[in-house]
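Have a look at the structure below, then the notes.
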Amino acid sequence: MSYPKFIEKPWGHEEVLYETSDFIVLRMFIKKGEETSLHKHPNRDEYFIIVRGKGSLFLGKRKTPIKKGKMIHIRKGQEHLWTADEDLEIIEVTTPPLNDLVRIEDKYGRIKR
């Protein structure tokens, strides 16, 4: 597989930069004024560093402002949602699989019933 691998999203896009059977490195781009779904990952932890921009992370019921340099660990099963006050660029390191996703709320209509 050649990298980066682009994954279009309604809120921006992701780029898979590197992938092995043990871990995955991604770059997320969230456009100003957009948000991800409220979601969780039942089987994987995620580690993030904010590279550019400002926004918020809703982790459970807590809202945390985020900006360049902030490092975040989201544990498996924690509900979370990202919002972008400015264009956001985020590096993520996680374990496979990428499809370990449960959407809870989504303004783009991507919840399968």
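Bear in mind that the values in this text are calculations on the coordinates, not laboratory data. On a predicted model such as this, the values are computed, not experimentally measured, just so you know. Using ideal geometry, Cβ is built from the backbone for each residue, glycine included, and neighbour counts are taken over all protein chains shown.
Quick notes on this structure:
- Any hit, the range 34-49, residues being of a type in the set (Asp, Glu), touching a strand residue (DSSP E or B) at 6+ places or on another chain (Cβ under 6 Å) and assigned to a loop (DSSP other than H, G, I, E, B): yes
- All strands (runs of 3 or more DSSP E) inside the range 53-113 with 2 or more residues being without any contact (Cβ under 8 Å) to a residue 12 or more places away in the chain, touching a strand residue (DSSP E or B) at 6+ places or on another chain (Cβ under 6 Å) and over 25 Å from GLU19 (Cβ atoms): 62-67
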